[in-house]
1. For segment 50-70: of the residues being in contact with a Gly (Cβ under 9 Å, 6 or more places away or on another chain) and within 12 Å of the ligand (Cβ to nearest atom), which is farthest from Arg10 (Cα to Cα)?
2. Residues that are outside any helix (DSSP H, G or I) and within 11 Å of the ligand (Cβ to nearest atom): does segment 27-42 have at least one?
3. Quick check: anything in segment 85-108 under 14 Å from the mean Cα position of the chain (by Cα), free of Cβ contacts under 8 Å to residues at least 60 places away in the same chain, crowded, with 17+ Cβ neighbours inside 10 Å and near the ligand (Cβ under 8 Å from one of its atoms)?
4. When residues of segment 72-84 are filtered for being more than 6 Å from the ligand (Cβ to nearest atom) and either of a type outside the set (A, V, I, L, M) or within 8 Å of the chain's Cα centre (by Cα) (or both), how many remain?
5. I need a count of the residues in segment 40-85 that are aromatic (Phe, Trp, Tyr), out of contact with any helix residue (DSSP H, G or I) (no Cβ under 8 Å at 6 or more places or on another chain) and closer than 15 Å to Arg106 by Cα.
6. Of all residues in segment 51-77, which are assigned to a loop (DSSP other than H, G, I, E, B), exposed (fewer than 11 other Cβ atoms within 10 Å of the Cβ) and of a type in the set (S, T, N, Q)?
7. Mind listing whichever residues of segment 1-14 are assigned to a helix (DSSP H, G or I), over 16 Å from His45 (Cβ atoms) and among the β-branched types (Val, Ile, Thr)?
8. How many residues, within segment 8-39, are among the small types (Gly, Ala, Ser) and in contact with a helix residue (DSSP H, G or I) (Cβ under 8 Å, 6 or more places away or on another chain)?
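Every number in this text was worked out from the coordinates using simple rules, so none of it is lab data. Keep in mind it's a predicted model, so treat the numbers as computed, not measured. Cβ placement follows ideal geometry from the backbone for every residue including glycine, while neighbour counts extend to all protein chains displayed.
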Amino acid sequence: MNEKTKEQTRLFTQMVAKKQGWKLNPDESFYEDLVDGLTNNYNRHGYYLCPCRDSDGSRETDKDFICPCVWSWQDISEFGNCYCALFISESLAASGEQPASIPDRRYET
Ligand code: SF4
């Protein structure tokens, strides 16, 4: 398996944000912690498992929360940020407000 570097992970997050019209969390140290988590998860599991969630054991069972997770679009549209607050909406970024702590839809039925 090819290991990812932190720089490759930063590029990945930049590409996702650009494609979706999102912004990255402007708090540099918070952002770097998430980049570390994503990079470690990729190098451990072989895919960008969400840095704020634990693996269920396989790619198949984790597929909903491989970044960007299936809930990210709804969360960013409704709350202004994804569960980890890695990605935020353009309007939240423009407001200068902090991302909020939001419920994890993974556990919603
Ligand atoms: S919560 Fe954010 S960082 Fe985690 S998988 Fe979803 S989009 Fe990626």
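1. Of all residues in segment 50-70, those in contact with a Gly (Cβ under 9 Å, 6 or more places away or on another chain) come to 50-52, 59.
Retained after the next criterion (residues that are within 12 Å of the ligand (Cβ to nearest atom)): 50-52.
Working: Cys50: 14, Pro51: 13, Cys52: 17 Å.
Only one residue tops the list, namely Cys52.
2. no
3. no
4. Just the residues of segment 72-84 that are more than 6 Å from the ligand (Cβ to nearest atom), to begin with: 73-81.
Still in the running and either of a type outside the set (A, V, I, L, M) or within 8 Å of the chain's Cα centre (by Cα) (or both): 73-75, 77-81.
Going through segment 72-84 one residue at a time, the tally reaches 8.
5. If we filter segment 40-85 for residues that are aromatic (Phe, Trp, Tyr), which is where we start, we get 42, 47-48, 65, 71, 73, 79, 83.
Subsequent filtering for residues that are out of contact with any helix residue (DSSP H, G or I) (no Cβ under 8 Å at 6 or more places or on another chain) retains 79.
Within this subset, residues satisfying the condition of being closer than 15 Å to Arg106 by Cα are none.
Total satisfying the criteria: 0.
6. Residue satisfying the conditions is Ser58 alone.
7. Of all residues in segment 1-14, those assigned to a helix (DSSP H, G or I) come to 6-14.
Now drop any that are not over 16 Å from His45 (Cβ atoms), which leaves 6-7, 10-11, 13-14.
If the condition is that a residue be assigned to a helix (DSSP H, G or I), over 16 Å from His45 (Cβ atoms) and among the β-branched types (Val, Ile, Thr), then Thr13 is the only one that fits.
8. If we filter segment 8-39 for residues that are among the small types (Gly, Ala, Ser), which is where we start, we get 17, 21, 29, 37.
Then keep just the ones that are in contact with a helix residue (DSSP H, G or I) (Cβ under 8 Å, 6 or more places away or on another chain); that gives 21.
Residues in segment 8-39 being among the small types (Gly, Ala, Ser) and in contact with a helix residue (DSSP H, G or I) (Cβ under 8 Å, 6 or more places away or on another chain): 1 in total.
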